[in-house]
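Let me begin by presenting the structure, written as structure tokens, before commenting on it.
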Amino acid sequence: MKAAVLSLPRDVSKRPLEIREVPKPQLKPGDVLLRVRACGVCRTDLHIVEGELPPHCNEIIPGHQIVGEIVNPGTSDLAAGARVGVSWIGGVDGSCWFCQHGMENLCDSPTFTGYSLNGGYAEYAIARADFTFPLENRLDDLQAAPLLCAGIIGFRSLRVAEVRHGECVGLFGFGASAHLAIAVLRAWNCKVYVSTRGASHRQLAVALGATWVGSETESPPVKLDRAVTFAPSGDVVVAALASLRKGGVVAINAIHLDRIPEFDYDRLLWGERQIRSVTNMTRSDARDFLQIAAEINLRPRITVFSLDHANDALAAVKNDSIDGAAVIVP
Ligand SMILES: [Zn+2]
Ligand SMILES: [Zn+2]
């Protein structure tokens, strides 16, 4: 089968993914074999490909927003031909303290699709049957792909920030994840304040119902109840913190941050403001979000790339040169 393979992480401008033929993956007990119909591109893929996340394997096929059709259900009771989604969380041990306490997103021995296991930048992929999510017919392949990490993690960020209906919520950065989170916020009657770089991202935020839109250096005109940051930048976290009311929460939706600069505790954190990180996802986050996405008819803004152009898709995410999400079709 054809796949995009990473062996030496380096800057995406050096085209680190090699598009070539590799053996079709072999099923282990509990796995299903999927024919990949579409695979979303996530910023985390960029961190893997460029080496900000340390490699787990000598060679890896990235991609963890897989829309696949079950070709071989293996020992599972899933039906051949069914369409399922696969996300970043490829599996957990089920036995550690975190798994036993309803926090499988923090499992001590997780596997990650497209990082510790081969992912979806390929014609075929395998996944643990119990870590696949059924996809409703009303979610088509291309539209469903970006929901599977960008969407689920964006939704988990709203949960971590404890957003309540009708609140004022700041989104700092407006890429794949934020442009899905805003749809959920609008469905919850929240007022959404977006600070982001790039005129086209600001236009998209307005089109999707933002109450206020500014550049990455501008502060929202009101004190926010909640904020979510999406940029891999600690400066943005401090900017978000500075825009919160007392008792407000910033949730950091980033697997990697450059650093957090020194900031003034008395002015920015005192008053029971909180900074929280968003780490991975649980299967119930995935199921709950996919349900809401279908109900509100969430339609991600997408740009399609062929598998041969996987490096270009990553470059587009890195350079913020597309609006919404990139999706690879093998
Ligand atoms: Zn565990
Ligand atoms: Zn992701």
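The values are calculated or read from the model by the stated rules, or taken from the named source; none is laboratory data. Note that the structure is a prediction, hence the values are computed from the model and not measured. Cβ placement follows ideal geometry from the backbone for every residue including glycine, while neighbour counts extend to all protein chains displayed. Side chains included, ligands, DNA and RNA excluded: accessible areas come from the protein's heavy atoms. Shrake-Rupley method; radii C 1.70, N 1.55, O 1.52, S 1.80 Å.
Report Rg(Cα)/(2.2 N^0.38 Å) for the chain, keeping two decimals.
0.96
Any chance you could give the angle, 0 to 90 degrees and rounded to 10, that helix 283-295 forms with the longest Cα principal axis of the chain? Compared with the principal axis, the helix lies near 80 degrees.
Pairs of lysines in the chain whose Cα atoms sit within less than 28 Å of one another amount to 9, provided the residues are eight or more positions apart or on different chains.
In this structure, the amide hydrogen of Ala326, modeled 1.01 Å from its nitrogen in the peptide plane, lies closer than 5 angstrom to those of Val41, Thr303, counting only residues at least 5 positions away or on a different chain.
Mind ranking 229-239, 198-208, 113-123 by how tightly packed they are, going by the mean number of other C-beta atoms within 10 angstrom, highest first? Walk me through the numbers before you get to the answer.
Values: 229-239: 22.1, 198-208: 16.7, 113-123: 25.7.
Result, highest mean Cβ count within 10 Å first: 113-123, 229-239, 198-208.
At the listed q of 0.26 Å⁻¹, the Debye profile of region 117-189, built from one uniform point per Cα, gives log10 I(q)/I(0) equal to -1.27.
Mean residue ellipticity at 222 nm from the helices of the chain, using -39,500 (n - 2.57) per DSSP H segment of n ≥ 4 over the full residue count, to the nearest 500 deg cm²/dmol? Working shown, then result.
Working: 10 runs with 82 residues, N = 330.
-6500 deg cm²/dmol, from helical runs alone.
How much of the accessible area of region 4-125, in percent, comes from carbon and sulfur atoms when a 1.4 Å probe is used? Whole-percent figure for carbon plus sulfur exposure: 52. Computed over region 6-124, relative contact order equals 28 percent, with contacts defined as Cα pairs under 8 Å that lie 6+ residues apart.
Judged by the mean number of other Cβ atoms found within 10 Å, the most tightly packed of the peptides 80-93, 17-30 leads the ranking 80-93, 17-30. Could you work out the relative contact order of region 51-199, using alpha carbon pairs under 8 angstrom and six or more residues apart, expressed as a whole percent? Once normalised by length, the contact order is 21 percent. Averaged over its residues, the chain has an accessible area of 42 Å² per residue, based on protein heavy atoms and a 1.4 Å probe. Note down the relative contact order for the chain as a percent, whole number, built from C-alpha pairs under 8 angstrom at least six residues apart. It rounds to 19 percent for the chain.
Comparing Val71, Val49, Val194 in a Gaussian network model of the chain, where Cα atoms under 10 Å apart are tied by springs, the biggest mean-square fluctuation is seen for Val71.
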